[in-house]
Structures are given as structure tokens and as C-alpha cells.
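Single-structure report; data block below.
Every number in this text was worked out from the coordinates using simple rules, so none of it is lab data. As the structure is a prediction and not an experimental result, all values here were calculated from the model. Positions of Cβ are generated from backbone atoms using ideal geometry, with glycine treated the same way; all protein chains shown enter the neighbour counts.
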Amino acid sequence: MEGCGRQLFLLKALLNSFATSTGLKVNFSKPMMILVNLSAEKLQHLSVTFGCSTGTLPFTYLGLPLALTELRVQDFLPLVTRCERRLVNTSLFLSQARKLQITNFVFTSLPTFFMSTFSLHVTIREQVDKFRKHCLWRGSDETNRINAKTAWKMVTRPKDEGGLGVLDLRSENEALLLKKHA
């Protein structure tokens with residue numbers, strides 16, 4: 001909304017009216033006001049009026065980085081960190097079939113929320129694939145130098161074509177983004 005005190009006052013009245021009619025309580029300290037084409041003094045005045053905090057871009061909303069410009073690789077690092085933490089928790093004592101299940105259901109699903117909104121940078125996709133390969137072939141031990149049993153391109157083929165059925169992140173990302181254009 002515009003940086004207008006009147007609009008902010010009406011929004012606050014609307015939220016209070018909703019709270020009164022439903023019996024709920026509005027927590028005005030949870031929202032965050034972001035500066036976009038406003039002076040810092042005006043932003044401060046409006047945030048005090050509304051009773052909320054101020055923030056800057058980029059910021060995260062529902063775990064996704066939001067910005068006015070194209071996202072950088074470092075904006076996706078929380079996703080990479082999450083994958084890395086999961087890899088540490090995978091067991092060396094799992095069978096190959098269990099490692100394949102974890103690769104398919106855990107490491108492939110972690111970036112899905114990001115990929116349904118953004119086109120992942122190649123660097124991030126390669127990093128997530130690195131963790132998926134480690135999970136499938138080595139487990140959590142990154143020092144283990146077991147060679148891959150087959151090429152990754154073969155692993156990402158469907159099972160009926162002789163592959164292991166692991167989803168290709170690039171294709172999945174493109175498919176998930178198609179929903180925005182439909």
C-alpha cells in the first residue's frame with residue numbers, strides 16, 4: 001500500500017474491527033513495514049503509528065527470500081544449509097534402496113517449495129544435486145570416496161527407461177514454474 005498515514009489508519013481500524021467481530025486479537029508487533037520509495041523518517045513515523053517493526057529488502061516470507069531485484073545465489077543458501085543438515089543425519093548403515101528413498105523423498109522435496117516460486121540458480125541446483133549424490137552413493141560420510149555406480153544422467157531417468165527414477169531438478173523446476181503461466 002502507499003506510504004500514507006490515512007490508509008494505514010484505515011487498515012488498522014479494519015483489522016481492529018475484524019478482531020472485535022471474531023473475538024481474535026491482532027498482534028501489531030508481528031507485521032513488518034518495508035521501505036520502498038519512502039524516506040526513513042516517514043517510514044519510522046508510519047511504523048510507530050501502526051505499531052509494527054521496520055525491515056529492509058531482501059527479507060524472507062514463509063521461508064522464501066523476497067526482493068525487488070533478481071535473487072542472488074546467497075539468497076538461496078538457507079536451502080543449501082537445510083540439505084547439508086539433512087545429509088549429516090543420513091545413516092551410513094542404510095541399504096542402497098533406503099538411500100534411494102531418502103534421495104527421492106527428502107532431498108528432492110526440500111527444494112520443491114523454492115522451485116515452485118523461483119527458477120533456481122544453476123549453482124544452487126548443482127549443490128543440491130551434490131547432496132543427493134552423496135546421500136545415494138556415500139551416505140553422510142563425505143570423506144568416503146566410493147565412486148558412483150552409474151552416471152547421474154542415468155539415475156535421473158524414469159524407472160521404465162532403466163533409470164532409478166530420481167527427479168531431475170532442472171526439469172522439475174521448469175514444470176513447477178509452468179503453473180504460474182497457465
If the chain between Lys30 and Leu62 were fully extended at 0.36 nm per residue, the gain over the current Cα-Cα distance would be 10.2 nm
Restricting to lysines and to Cα separations under 19 Å from Lys153, and discarding same-chain partners fewer than 8 apart, the set is Lys99, Lys130, Lys133
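Tell me, which longest segment in the chain has none of the GluC sites (Glu not before Pro) that fall in DSSP loops with at most 14 further Cβ atoms within 10 Å? Let's see the in-between values first.
Values: sites that count: Glu2, Glu70, Glu142.
Excluding the exposed sites themselves, the longest stretch runs over 71-141.
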For Lys179, counting only lysines whose alpha-carbon sits under 23 Å away and dropping same-chain residues fewer than eight positions off, the answer is none
Projecting the Cα atoms of Thr60, Asn27, Phe93 onto the charge dipole of the chain, where Lys and Arg contribute +1 and Asp and Glu -1 at Cβ, the residue farthest towards the positive end is Phe93
With the charge dipole of the chain built from beta-carbon charges (+1 for Lys and Arg, -1 for Asp and Glu) about the Cα centre, the Cα from Phe107, Thr69, Leu14 projecting farthest to the positive end belongs to Phe107
Calculating volume of the Cα convex hull per residue in Å³ from this structure picks out, from (i) 153; (ii) 108; (iii) 189, entry (iii)
Checked against the positive end of the charge dipole of the range 73-181 (+1 on Cβ of Lys and Arg, -1 on Cβ of Asp and Glu, about the Cα centre), the farthest of Ala151, Leu176, Gln127 is Ala151
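Run the dipole for the chain about the Cα centre, Lys and Arg Cβ at +1, Asp and Glu Cβ at -1, nothing else charged, and hand back the magnitude in debye, nearest 20.
Details: 24 positive and 14 negative charges, 89 e Å.
Once rounded to the nearest 20, the dipole reads 420 debye.
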So, over other residues within a Cβ distance under 13 Å of Glu172, counting Lys, Arg +1 and Asp, Glu -1, the net charge is +1
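Quick test of the membrane-span-like rule: which DSSP H helices of the chain reach at least 20 Å along their long axis (C-alpha atoms) with mean Kyte hydropathy at least 0.5? If you can, show how the numbers build up before the last one.
On the way: long enough: 5-22 (26 Å, 0.52).
Counting only whole DSSP H runs, the qualifying helices are 5-22.
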Given unit charges at Cβ for Lys, Arg (+) and Asp, Glu (-), the dipole magnitude of the range 73-181 about its Cα centre in debye, nearest 20, is 220 debye
